[in-house]
Amino acid sequence: MKYSRIASYKTYEQMSERFKELELSIPFEKEVSSGSDSPLQQPIAWKNQQIGNRFCILPMEGWDGTPDGKPSDLTYRRWKSFGASGAKLIWGGEAVAVRHDGRANTNQVLIPDSKGSEIEELRRQEGQELERTQQRTSDLVIGLQLTHSGRYSRPDLEVGPAPLPIRRNGVLDRRLSINDDSRLLSDDDLKVLIDDFIQAAKLAEKVGFDFVDIKHCHGYLGHELLSGIDRAGEFGGSFENRTRFLREITHGIRSATRSLSIGVRLSIFDFLPFCMGEDGIGIPENNSNAEVCFGGDSTGTGVDLTEPLEFMNLLRSLNINLVCTTAGSPYYNPHIQRPAFFPPSDGYQPPEDPIVGVARQVMATKHLKEKNPDLVFVGSGYSYLQDWLPNVAQGVVRNHWVDSVGLGRMVLSYPNLPRDVLEGRSVHRKKVCRTFSDCTTAPRNGLVSGCFPLDDYYRKRPEREILKRL
Ligand SMILES: Cc1cc2nc3c(=O)[nH]c(=O)nc-3n(C[C@H](O)[C@H](O)[C@H](O)COP(=O)(O)O)c2cc1C
Ligand code: SF4
């Protein structure tokens, strides 16, 4: 399949033409406005307060915490740049494990048993940066993403992968050398884990976060539970059972905290695991599990939002009105989750123009928003739009396809993008994320993550040379 890099569409007309060729009708505006009537400047009414504008910083891990789970100088630097970005919603900072065996890597930040002073400091410095850039903080909303990595747990360097899946999956089990049921989490294990989430949320409230995200995406535990149709017991089978984990955590948090809000980051659709075909291009790896992709159709490579819509009703019934949409998993189908022209070192060449991957997330989010106008939706996967990101962002917000535009990789290479757009400055081309995927390749090879090609600070680090060889 042949397609050009998005950077080759240099004019609005060329880019519009490409959207047409791909039969994608997503809102795409010629001029991005910075006046007070700009859609991206408008606040979002949320609870009894406002979220100051329509940019959100998505959770972005740096694989740079200390072995005992504390933030390092690199972690502080990243969170401060999130704070200075100008976005008024910060969705979680990064995935923080609720306990050691659920860490996805030895450097993942961990909710401590202690008083949480480091997490408090991260949050404080993030907010302070906004003040330093002379912006209001009263309409800043900051959450903390709580996670257990489940199947993708790898807490100890010496041990390597230590998966704790909730169901068997032919392809994924083989990739992780899971040969029997011995590592499956039991119902009793899950009940203990529910309490760990509740304790972590208590701490998050104590140190000043506005909300916690009960992570349900990217193949980690919360997300895998949603596809546990073939799991027996209280947490598998029916939709009600597969969502018990979220319901029980939510009830527990409500009774253990005073005013902490809850959000959910959800992979709203999923595909089969992909692998590299003979020509290097990604292909779905054969298996018979197509029917258990949450939000996927029976082909394993299509979207069916019937259950995600049911999930939105569940959120409403739990009084959860903050939703961040994403898709699939970076481990087994990265092209649907973080569309990129250049794959990470363990990836495959994209099987579609990455613009299609962006549009798939945009369209699916639009569908959910249309049916649930009362919920606040944050979208993801926009970074591949590169220089054209603000033009689509303004269009999707103006047309109520989404409430807030989430920035992932773009915020690593160009943390000030929201401020530049909102203050009417043109996009700084040299800082625009070109989806080189080094920020994914680095952690896959045990290195800290950051934007090695474009951020001077990382460019000078020794890991850059290792990455070049990779
Ligand atoms: C280096 C890196 C770290 C990430 N860390 C997290 C994380 O901690 N939690 C999470 O939910 N998603 C994480 N993601 C996914 C992003 O939040 C986002 O969904 C994805 O990059 C697609 O958005 P984008 O096109 O703006 O990059 C990470 C992605 C990358 C590339
Ligand atoms: S390394 Fe930098 S340019 Fe490459 S994908 Fe990550 S943020 Fe973008």
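The values are calculated or read from the model by the stated rules, or taken from the named source; none is laboratory data. Remember, it's a predicted structure, so these values are computed and weren't measured experimentally. Cβ atoms come from the backbone with ideal geometry, glycine included; neighbour counts cover every protein chain shown. Note: areas computed on protein heavy atoms with side chains; ligands, DNA, RNA excluded. Shrake-Rupley method; radii C 1.70, N 1.55, O 1.52, S 1.80 Å.
In table form, for the structure just shown:
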quantity	calculated
Test: residue in the stretch 433-456 that is over 22 Å from Cys56 (Cβ atoms), surrounded by 24 or more Cβ atoms within 10 Å (Cβ to Cβ) and of a type outside the set (Asp, Glu)	yes
Search result, residues across the stretch 313-330 that are touching a helix residue (DSSP H, G or I) at 6+ places or on another chain (Cβ under 6 Å), more than 16 Å from ligand 2 (Cβ to nearest atom) and not in a strand (DSSP E or B)	Leu318, Ala327, Gly328
Single residue of the stretch 308-337 satisfying the filter (touching a strand residue (DSSP E or B) at 6+ places or on another chain (Cβ under 9 Å) and open to solvent by 10 Å² or more (accessible area, probe 1.4 Å)) that is farthest from ligand 1 (Cβ to nearest atom)	Asn319
Residue selected from the stretch 298-307 under the condition within 20 Å of Thr243 (Cβ to Cβ) and open to solvent by 30 Å² or more (accessible area, probe 1.4 Å), by the criterion farthest from ligand 1 (Cβ to nearest atom)	Thr306
Filter result for Ile283 (part of a loop (DSSP other than H, G, I, E, B) and either in contact with a Gly (Cβ under 7 Å, 6 or more places away or on another chain) or in contact (Cβ under 8 Å) with a residue 60 or more places away in the chain (or both))	no
Of all residues in the stretch 449-467 being among the hydrophobic types (A, V, I, L, M, F, W, C) and within 24 Å of Pro67 (Cα to Cα), the one that is nearest to ligand 2 (Cβ to nearest atom)	Cys451
Of all residues in the stretch 345-372 being among the hydrophobic types (A, V, I, L, M, F, W, C) and open to solvent by 20 Å² or more (accessible area, probe 1.4 Å), the one that is nearest to ligand 2 (Cβ to nearest atom)	Val356
Residue count, the stretch 373-388 (criterion: within 16 Å of ligand 2 (Cβ to nearest atom) and aliphatic (A, V, I, L, M))	1
Qualifying residue in the stretch 374-385 (condition: within 13 Å of ligand 1 (Cβ to nearest atom), surrounded by fewer than 23 Cβ atoms within 10 Å (Cβ to Cβ) and within 25 Å of Pro330 (Cα to Cα))	no
Every residue from the stretch 255-280 that is touching a helix residue (DSSP H, G or I) at 6+ places or on another chain (Cβ under 8 Å), farther than 18 Å from Tyr332 by Cα and more than 13 Å from ligand 1 (Cβ to nearest atom)	Ala256, Thr257, Arg258, Ser259, Leu260, Ile262
Residue tally, condition away from ligand 2 (no atom under 11 Å from the Cβ) and open to solvent by 30 Å² or more (accessible area, probe 1.4 Å), over the stretch 391-429	13
Residues satisfying the stated conditions in the stretch 71-94, i.e. in contact with a strand residue (DSSP E or B) (Cβ under 8 Å, 6 or more places away or on another chain) and among the hydrophobic types (A, V, I, L, M, F, W, C)	Phe82, Ala87, Leu89, Ile90, Trp91
Hey, Thr137 assigned to a loop (DSSP other than H, G, I, E, B), away from ligand 1 (no atom under 14 Å from the Cβ) and touching a helix residue (DSSP H, G or I) at 6+ places or on another chain (Cβ under 8 Å) or not	yes
Within the stretch 19-57, tally of residues that are open to solvent by less than 30 Å² (accessible area, probe 1.4 Å) and farther than 21 Å from Pro418 by Cα	1
Of residues in the stretch 433-448 being part of a loop (DSSP other than H, G, I, E, B) and more than 8 Å from ligand 2 (Cβ to nearest atom), the one farthest from Leu385 (Cα to Cα)	Gly446
Of residues in the stretch 338-350 being touching a Ser or Thr at 6+ places or on another chain (Cβ under 9 Å) and of a type outside the set (Gly, Ala, Ser), the one nearest to ligand 1 (Cβ to nearest atom)	Arg338
Members of the stretch 39-89 that are modelled with pLDDT of 95 or more, acidic (Asp, Glu) and either assigned to a loop (DSSP other than H, G, I, E, B) or in contact with a Cys (Cβ under 6 Å, 6 or more places away or on another chain) (or both)	Glu61, Asp64
Leading residue by the ranking (nearest to ligand 1 (Cβ to nearest atom)) among those in the stretch 419-433 that are charged (D, E, K, R) and touching a helix residue (DSSP H, G or I) at 6+ places or on another chain (Cβ under 7 Å)	Lys431
